[in-house]
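Quick notes on the structure that follows.
The values are calculated or read from the model by the stated rules, or taken from the named source; none is laboratory data. Everything numeric in this text was worked out from a predicted model, so none of it was measured. FYI the Cβ positions are ideal-geometry reconstructions off the backbone, even for glycines, and counts take in every protein chain you see. The protein model used for the area step is the full one, side chains on, heavy atoms only, and it has no ligands, DNA or RNA in it. Shrake-Rupley method; radii C 1.70, N 1.55, O 1.52, S 1.80 Å.
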Amino acid sequence: MDARLNIFGNALAGKFMKHINSAGKVVSDAGVPHATQELVKIRASQINGCGFCTDMHTKDAAHAGETAQRLNLIAAWREAKVFTDAERAALELAEQGTRIADAAGGVSDEAWANAAKHYDEDQLVALVALIAVINAYNRLNVIVQQPAGDYQPGMFG
């Protein structure tokens, strides 16, 4: 399978990706645990059917020490006992923030209040921004049909 566009070789795509990557860096340094960030990125990518991002973030998480058990249970996090309450709140926010078209009200007040019990204001901003950024990456990769499977941890810097 080949991508429809070479987003890694196109100059305009490179300029665009530079800005998204910069936004992602700000978010990654905002105090949300790295493991939680990866869980959120993986869950949104699963929902969006983005193989490239699912491959990338599961490999990055494993490389950072995440267990296979937790990685295998992300899609079924509600029934899994391996996630903390804070991680569960972040996963719920990620799901509702990714599926905004599926619910007329967007993210529920209950999901927001639950996340606010575990994260301060800056961390909530970081989570919201992280969900927005990963959804942008997912959409880019799904539209161009970016193939998955070749990612190696650290290959983008």
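General remarks:
- Filter result (assigned to a helix (DSSP H, G or I), under 17 Å from Ala148 (Cβ atoms) and open to solvent by 40 Å² or more (accessible area, probe 1.4 Å)) within the range 1-47: Gln46, Ile47
- For the range 48-74, the candidate set comprises residues that are of a type in the set (A, V, I, L, M, F, W, C) and within 18 Å of Ala89 (Cβ to Cβ); within that set, the residue that is most open to solvent (accessible area, probe 1.4 Å) is Leu73.
- When we screen Asp29, Asp120 for residues that are within 24 Å of Gln152 (Cβ to Cβ) and charged (D, E, K, R), the only hit is Asp29.
- Within the range 83-103, being of a type in the set (Val, Ile, Thr) and open to solvent by 30 Å² or more (accessible area, probe 1.4 Å) holds for Thr84, Ile100.
Yes or no, residue by residue, for (1) touching a helix residue (DSSP H, G or I) at 6+ places or on another chain (Cβ under 8 Å); (2) among the aliphatic types (A, V, I, L, M); (3) touching a residue at least 24 places away in the same chain (Cβ under 8 Å); (4) open to solvent by less than 30 Å² (accessible area, probe 1.4 Å):
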{"site": "Glu110", "(1), (2), (3), (4)": "no, no, no, no"}
{"site": "Asn114", "(1), (2), (3), (4)": "yes, no, yes, no"}
{"site": "Lys117", "(1), (2), (3), (4)": "yes, no, yes, no"}
{"site": "Ile131", "(1), (2), (3), (4)": "yes, yes, yes, yes"}
{"site": "Asn135", "(1), (2), (3), (4)": "yes, no, yes, yes"}
{"site": "Pro147", "(1), (2), (3), (4)": "yes, no, yes, no"}
{"site": "Met155", "(1), (2), (3), (4)": "no, yes, no, no"}
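- Single condition Thr67 does not satisfy, out of (1) in contact with a helix residue (DSSP H, G or I) (Cβ under 7 Å, 6 or more places away or on another chain); (2) over 25 Å from Gln145 (Cα atoms): (1)
- Every test in (1) open to solvent by 20 Å² or more (accessible area, probe 1.4 Å); (2) without any contact (Cβ under 8 Å) to a residue 24 or more places away in the chain; (3) not acidic (Asp, Glu) is passed by Ala80 save one, and that test is (1).
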